[in-house]
Amino acid sequence: MRHYILSFLLIFASLEGFSQEAFPFLNKSNQLPEDLLSKRAVVFMNVNSLKWDEEAQKIHNSFIEIGVDAVAYYALSDIMSGADATTAFYSDITERSIENMLIVHQANNGFELYATKIPEEGGFFKNDMKAFFMQAPSLTELGSDLQSRVNKSDLERENYLIIDVPETFKRTNVIKSRRVANFNPDIRIDKLAVPKFENNIMMDVDVEKANAELDSIMSQHYPFKYGLVDPGMSAEQMINEGYLLVLKKLENNGESLRRMLGYDLSEGETILISVRNGENDKVMKYRIDEHVHKYYIQQLYTKDIYLGDNWDSGKTWQEALINHVENLKAKLKK
């Protein structure tokens, strides 16, 4: 599973920025999935709104008429926020015997629908996946066009007991182990594994430059033992290499990140504040819907997650990393 998860995570989460081919790894097809009307499906919403659940209702009404048993809706950016998120969601979804996945994507000229199978080998996406594709100016027309396409097909409907209101998962916590709003004091002596960046199937990146910058930031700001590791290394492999902790990251809009990591959100909250302590202390403000990065550390043996004692996300991975490391350093000096 980890191969497919990690091949995505470097720059995936902000799909709204794609102006042309949003999913270049998908092999578009006109062929409807044979079990579209007989198997359960999960729907990943990728629309330009934090209120994606309202958009989900529009397309769900069409699914009811057609016979698509869409049993769960998620924001696609949540699914692809990071390795921990993808692993948690894949487990939750496949444990419900869901075999199909649909992507509803808002493009510049309307909406697109993709339908394909969830890979059995783990993760949600891999290169050259075959997927049914169609597009329309609005969600209502997308649903109507899909119904017309289904009516002309020879698909046999078996899904009749479909829920009236889409089940949306906006409050899913990706942390399945113990959550600690502080830093692990053992980090003073335990070696930290820092996964390197790697190329992914979404777009090309200058991996060498990114990893050089990652190492430079760590060497400049992090005062304890660490090492850059292959992102595909398992926890067991890292432990065998002498690591007891691993650095991790999620990226998404601020509202989703706080929700996924178990933070409280105030009603009507629109601005989030990040704090960097230490010699070069800094306070950063950003809108709750802005795309940000958040680092945290996991203990490899216990799987405990250490988030830090301040919200310290950043608009870039570099800013977020410096925030987290400087806060850690300032706290452990006390």
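Each reported figure results from applying straightforward, stated rules to the coordinates on display, with no laboratory input. Quantities reported herein were computed from a predicted structural model and do not represent experimental measurements. Don't worry about glycine lacking a Cβ; one is built from the backbone with ideal geometry, like all the others, and counts go over all protein chains shown.
Using Cα-only point scatterers and the Debye equation, what is log10 of I(q)/I(0) for the chain at each q in 0.07 Å⁻¹, rounded to two decimals?
-0.31
Could you work out the Kirkwood radius for segment 2-151, taking every pair of different alpha carbons, averaging 1/r and inverting it, reported in Å?
Kirkwood hydrodynamic radius for segment 2-151: 15.5 Å.
For the chain, what is the mean residue ellipticity at 222 nm derived from helices alone (per DSSP H run of n ≥ 4: -39500 (n - 2.57); sum divided by total residues; nearest 500 deg cm²/dmol)? Write out the running numbers ahead of the final one.
Working: 9 runs with 93 residues, N = 334.
Value at 222 nm, helices only: -8500 deg cm²/dmol.
Just to be sure I follow the rule: in segment 2-151, considering lysines 8 or more places apart or on different chains, how many pairs have Cα atoms under 19 Å apart? Intermediate values should be presented prior to the final figure.
Working: Lys28/Lys117; Lys28/Lys126; Lys28/Lys130; Lys39/Lys117; Lys39/Lys130; Lys117/Lys126; Lys117/Lys130.
Total qualifying Lys-Lys pairs in segment 2-151 comes to 7.
Compare the peptides 276-287, 320-331 by average per-residue count of other Cβ atoms within 10 angstrom and give them in order, highest first. Show your work: numbers first, answer last.
Details: 276-287: 13.7, 320-331: 22.5.
The peptides rank, most packed first, as 320-331, 276-287.
What is the distance, in nm, between label points placed 7 Å from the Cα along the Cα-to-Cβ direction at Glu120 and at Lys196?
Placing both labels 7 Å beyond Cα along the Cβ direction yields 3.4 nm.
Quick check on segment 226-278: take the gyration tensor over C-alpha atoms, sort the square-rooted eigenvalues as a ≥ b ≥ c, and tell me if it's rounded (a/c under 1.5), prolate or oblate. Present the calculation step by step, with values, prior to reporting the outcome.
Numbers: a/c = 3.46, a/b = 2.41, b/c = 1.43.
Here segment 226-278 falls in the prolate category.
Picking from Lys117, Lys191, Lys176, which is most flexible by a Gaussian network model of the chain using Cα springs under 10 Å?
Most flexible of the set in this elastic network: Lys176.
Find out how many positive minus negative residues lie around Ser219, taking Lys and Arg as positive, Asp and Glu as negative, among other residues whose Cβ is under 12 Å from that of Ser219. If you can, show how the numbers build up before the last one.
On the way: positive: Lys225; negative: Glu213, Asp215.
Summing Lys/Arg as +1 and Asp/Glu as -1 gives -1.
Could you point to the residue in Asn182, Ser256, Asn199 farthest towards the positive end of segment 179-332's charge dipole, with +1 and -1 charges on the Cβ of Lys/Arg and Asp/Glu respectively?
Asn182
If one computes the Cα centroid of segment 164-198 and of segment 60-138, what distance in Å separates the two points?
Comparing the Cα centres of segment 164-198 and segment 60-138, I get a distance of 23 Å.
Which of Tyr263, Tyr301 comes first, and how do the rest follow, when ranked by fewest Cβ neighbours within 10 Å? Please report the intermediate quantities before stating the final value.
Numbers: Tyr263 16, Tyr301 10.
Ascending number of Cβ neighbours within 10 Å: Tyr301, Tyr263.
Could you work out the relative contact order of segment 109-258? I mean the mean sequence separation of Cα pairs under 8 Å and 6+ apart, divided by the number of residues, in percent. Mind showing how you got there, number by number?
Values: 111 pairs, mean separation 31.6, N = 150.
Reported as a whole number, the value is 21 percent.
Mean-square fluctuation check for the chain, GNM, Cα pairs under 10 Å: which of Ala115, Ala75, Ala136 is largest?
Ala136
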